[in-house]
Amino acid sequence: MTDLPTVVLHHQLADAGHYDWLLGDPADPDQTGPLVTFRCAEPPMHWPADAESNLTALPSHRRRYLQYQGPLSRQRGSVRRVAEGKATAELWTEHHRILRLDWPGRGMRVELRHRSGDAWIARVLAD
């Protein structure tokens, strides 16, 4: 299985903030295409093992966001990287995904299930 790049960005807006979780798409063998992106209230490495976390699928992001930190154009706030790691897809379908995530200080397995529209649910799995 191929290691996929993954980062978590804190996206600060004028009135609030959230986290953007970006990861490589395992369907992109060269890892040169856009990144799968979700909005989340808490970064994945802080998700509790005993609860579900709501995610919102966002349009794919350019790979430059793996490294970029700073202001965004068109008054969309700014981003700051809070974590960088590797992901491995154990299962990857259109509506169901299981990933091994390796963050500094925490490794975890996560299941993602599509609900409807852009709504997804994440659940930390036992190793």
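Before we move on, is residue 52 at pLDDT 90 or above, closer than 12 Å to residue 6 by Cα, surrounded by 12 or more Cβ atoms within 10 Å (Cβ to Cβ) and acidic (Asp, Glu)? Criteria not met by residue 52. Inspection of the stretch 89-111 finds no residue satisfying the criterion of being under 24 Å from residue 13 (Cα atoms) and not in a strand (DSSP E or B).
Applying the condition of being in contact with a Leu (Cβ under 8 Å, 6 or more places away or on another chain) and part of a loop (DSSP other than H, G, I, E, B) to the stretch 9-46 and asking which residue is surrounded by the most Cβ atoms within 10 Å (Cβ to Cβ) yields 24.
Whenever a residue of the stretch 73-88 is modelled with pLDDT of 85 or more, its partners that are of a type in the set (Asp, Glu), lying with C-beta atoms within less than 9 angstrom and at least six residues away or across chains, give the pairs 79/20; 85/102; 86/3; 86/102; 87/3; 87/102; 88/3; 88/102.
The residue of the stretch 55-78 that is surrounded by the fewest Cβ atoms within 10 Å (Cβ to Cβ), among those that are under 14 Å from the mean Cα position of the chain (by Cα) and in a strand (DSSP E or B), is 59.
The values are calculated or read from the model by the stated rules, or taken from the named source; none is laboratory data. Just so it is clear, the model here is predicted, and its values are computed rather than measured. Counting neighbours? That spans all protein chains shown, and the Cβs are built from the backbone with ideal geometry, glycine included.
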